[in-house]
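Presented below is the structure to which this report refers.
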Amino acid sequence: MPGKKSFWYQELSWPEIVEKTKECDIILLPIGSIEQHGPHCPVGVDSLNVQKIAERVAERTGVLIAPPIWYGAHMYMQYGFPGTIPIRSDILKQFVKDVVTGLVKNGFKKIIILNGHGQQWVFIGALHELALETKAFIAIATWWEIARKTIEEVAQTKFVHADEVETSVALELYPELVDMSKADKESAPSIVDKKWYGSPTRTLPDEGGFPHHNITASYFQVDVYKLGILGDATLATKEKGKKIVDAVVDKLCEFIEELKRKYPPGVSPLEMPPPGVKA
Ligand SMILES: [Zn+2]
């Protein structure tokens with residue numbers, strides 16, 4: 001179909017991609033996971049969330065979306081639950097590095113990894129190595145970090161997994177795949193008091209503890225949860241999800257517009273003289 005307008009890289013021809021990089025060299029790379037999300041949500045939640053959010057951002061800003069990565073790396077306690085397919089973190093890191101390097105070689109000098117799963121530690125290592133190797137501008141946008149304030153205002157419970165927050169977002173983005181008649185709530189003991197460690201939206205604990213991902217304070221989920229709902233999914237609504245998704249999309253669009261305003265296509269900010277510094 002000539003003149004087709006898709007935001008997805010994989011649906012374009014190579015001349016269309018070359019043309020696109022001349023007007024905008026910012027691209028979104030959605031990365032999620034295949035993981036159990038309770039009996040009420042599909043195992044692709046983390047991937048579907050970022051793919052659908054990316055489409056809304058692309059519609060508003062005109063950026064392209066790279067072919068998504070469906071699988072993710074997992075924290076130790078998520079291993080063993082039915083439905084989950086973990087990728088080893090070193091494999092995912094190298095895979096993401098190859099994908100980003102390929103995008104940079106194709107002219108995309110500004111890459112936003114849109115992350116839908118608690119695997120930021122994998123991408124942080126990749127980002128710093130890629131900055132040295134490719135000079136590309138890279139950002140890791142994890143949706144619940146981008147919209148932390150809104151999530152805390154909208155939700156009655158703290159965001160963890162397949163719970164009020166994540167189910168609300170799923171209800172906003174693909175309600176046809178969510179079965180609220182199977183939504184439930186669960187909780188589990190932890191190895192040390194919860195005050196000692198952070199959470200997805202509050203990476204740092206309030207005072208004197210261990211940042212999220214920095215401590216093995218959780219038991220294996222398969223041993224302490226029956227359903228795999230880490231919180232209360234019965235509180236989820238589409239209205240709450242819309243507020244959260246809107247906040248994520250708004251923030252990402254604002255970020256992209258700043259990049260567009262400050263840096264022309266075809267060049268990474270790391271390849272330009274810093275403002276106020278003589279070339
Ligand atoms: Zn999830």
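The values are calculated or read from the model by the stated rules, or taken from the named source; none is laboratory data. Fair warning: this is a prediction, and the values are worked out from it, not measured in the lab. Here the Cβ is made from the backbone with ideal geometry for all residues, glycine too, and neighbour counts use every protein chain on show. The protein model used for the area step is the full one, side chains on, heavy atoms only, and it has no ligands, DNA or RNA in it. Shrake-Rupley method; radii C 1.70, N 1.55, O 1.52, S 1.80 Å.
For the peptides 272-278, 211-217, what is the packing order when you average, over each peptide's residues, the other Cβ atoms within 10 Å and list the highest mean first?
Ranked from most to least packed, the peptides come out as 211-217, 272-278.
How much length is gained on full extension from Lys105 to Lys22, taking 0.36 nm per residue of separation minus their Cα-Cα distance? Mind dumping the intermediate values first?
Details: separation 83, 0.36 × 83 = 29.88 nm, distance 1.36 nm.
Value of the extension gain: 28.5 nm.
Expressed as a rounded percentage, what relative contact order does the range 9-271 have, with Cα pairs under 8 Å and six or more residues apart?
Reported as a whole number, the value is 24 percent.
Can you compute the radius of gyration and Dmax for the range 9-271, using only the Cα atoms, both in Å?
Gyration radius and largest Cα-Cα distance of the range 9-271: 18.5, 57 Å.
Positive end of the dipole of the chain, charges at C-beta (+1 Lys, Arg; -1 Asp, Glu), about the Cα centre: which of Pro273, Gln119, Gly44 has its Cα farthest in that direction?
The Cα lying farthest towards the positive end belongs to Pro273.
Using alpha-carbon positions, what is the distance between the centroids of the range 98-159 and the range 22-47, in Å?
For the range 98-159 versus the range 22-47, the Cα centre distance is 12 Å.
Using the Cα centre of the chain as the reference point, and only Cβ charges (+1 on K/R, -1 on D/E), how large is the resulting charge dipole? Debye, rounded to the nearest 20.
Numbers: 32 positive and 36 negative charges, 144 e Å.
With only Lys, Arg, Asp and Glu charged at Cβ, the dipole is about 700 debye.
At 1.4 Å probe radius, can you tell me the per residue accessible area of the range 116-227 in Å²?
53
For Leu270, put the label point 7 Å out on the Cα→Cβ axis and report which residues of the range 121-153 keep their amide N under 13 Å from it.
Residues 124-140 fall inside that zone.
May I ask for the angle, rounded to the nearest 10°, between helix 164-173 and the longest principal axis of the chain, with both axes built from Cα atoms and the value confined to 0 to 90°?
Helix 164-173 sits roughly 50 degrees off the main axis of the chain.
Looking at the chain only, what percent of DSSP beta bridges run antiparallel? Nearest 5 please.
Counting only bridges with both partners in the chain, antiparallel ones make up about 20 percent.
Check Asp25: other-chain or 5+ apart residues with amide H under 5 Å from its amide H, H built from backbone geometry?
Under 5 Å from the amide H of Asp25: Gly266.
For a 27 Å ceiling on Cα separation, which of these pairs sit above it: Lys97/Lys195; Lys185/Lys243; Lys93/Lys135; Lys105/Lys260; Lys149/Lys238? Each step should come with its number before you reach the end.
On the way: Lys97/Lys195 35 Å; Lys185/Lys243 22 Å; Lys93/Lys135 18 Å; Lys105/Lys260 19 Å; Lys149/Lys238 18 Å.
Correct reply: Lys97/Lys195.
Quick check on the chain: helices-only [θ] at 222 nm, where DSSP H runs of length 4 and up contribute -39,500 (n - 2.57) each and the sum goes over total residues. Nearest 500, please. Working shown, then result.
Details: 9 runs with 109 residues, N = 279.
Roughly -12000 deg cm²/dmol at 222 nm, from the helical runs in the chain.
At a 1.4 Å probe, what is the % contribution of carbon and sulfur to the accessible area of the chain?
Answer for the chain: carbon and sulfur cover 57 percent of the accessible area.
What residue among Ile244, Ile111, Ile124 shows peak mean-square fluctuation when the chain is described by a Gaussian network model with Cα springs under 10 Å?
Ile124
Among Ala247, Ala131, Ala147, which one moves the most in a GNM of the chain with springs linking Cα atoms closer than 10 Å?
Ala131
Which residue fluctuates most in the GNM of the chain (Cα springs below 10 Å): Ile151, Ile256, Ile191?
Ile191
Please state the charge dipole magnitude for the range 176-279, taken about the Cα centre, from unit charges on C-beta atoms (+1 on K and R, -1 on D and E), reported in debye and rounded to the nearest 20.
260
Amide H to amide H under 5 Å from Gly231: which residues, 5+ apart in sequence or cross-chain, H placed 1.01 Å off N in plane?
Glu186
Compute the Cα gyration tensor for the range 60-157, then decide on rounded, prolate or oblate, letting a ≥ b ≥ c be the square roots of its eigenvalues: rounded whenever a/c is under 1.5, prolate when a/b is larger than b/c in the other cases, and oblate in all that remain.
Oblate.
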